[in-house]
Amino acid sequence: MSSKILVANPKKVQYICRNIATAFLIDIMRKYLILFLLIILPVSVFSQQQESADELFVKARSAAFDEKDYPKAISLAREALVSAPNYTDISVFLGRVYTWSDDLVNARQVFSDLQKRGVQDEDFFRAYASLEYWNDQYKDALLILNNGLTYHPQSQDLLLLKSKVLYSQG
């Protein structure tokens, strides 16, 4: 009985092994790439779409001061307040832009909401009192200024506005 021993060509074996290993690595890389894309891309796309309240505030200020586009500034400020509803500076800014746009109802609403929250910011009192002063509501302006001066008795801005209100009142 004779037995045949098959001897494979070493170059062919090496070639086949290399192709199997390459195919295996490509398959693994493909799976990890898909996993990477499924996890990372949605996070990066989502983070690019969501601007912070500070970024929106900067854009709103630019729209109001540089572009004189008050409706755009109002829209951006309101969008910023959705993500940061207690951001006092944005609320005061929004009240001011409403005032400059002659939308007194919304301006008063913004300032009234701040007052109900117990905001003690000097800029809030100045903006709210200015709204009332510019619209000849001297009694309301004085009430707001006196309230502000209880928190900021040395404020030159509040004292100056109070003197203007008193002078205008007669």
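The values are calculated or read from the model by the stated rules, or taken from the named source; none is laboratory data. Everything numeric here is computed off the predicted structure, so don't read it as measured data. Backbone-built Cβ (ideal geometry, glycine too); neighbour counts: all protein chains shown. For accessibility, only protein heavy atoms count, side chains too; no ligands or nucleic acids. Shrake-Rupley method; radii C 1.70, N 1.55, O 1.52, S 1.80 Å.
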Quiz prompt | Qualifying residues in the range 150-161 (those that are touching a residue at least 24 places away in the same chain (Cβ under 8 Å) and not small (Gly, Ala, Ser)) - the one nearest to Leu131 (Cα to Cα) | solution = Leu161
Quiz item: Given the range 84-167, what helices (runs of 4 or more DSSP H) lie entirely inside it while holding 3 or more residues that are more than 30 Å from Glu55 (Cβ to Cβ) and polar (S, T, N, Q)?
Solution: 138-151
Quiz item: Among the residues of the range 60-84, which ones are open to solvent by less than 90 Å² (accessible area, probe 1.4 Å), farther than 18 Å from Asp103 by Cα and either modelled with pLDDT under 95 or not hydrophobic (A, V, I, L, M, F, W, C) (or both)?
Solution: Ser62, Ser83
Exercise. Residue by residue through the range 127-170, note down the ones that are within 18 Å of Gln109 (Cβ to Cβ) and open to solvent by 60 Å² or more (accessible area, probe 1.4 Å).
Key: Trp134, Gln137, Asp140, Leu143
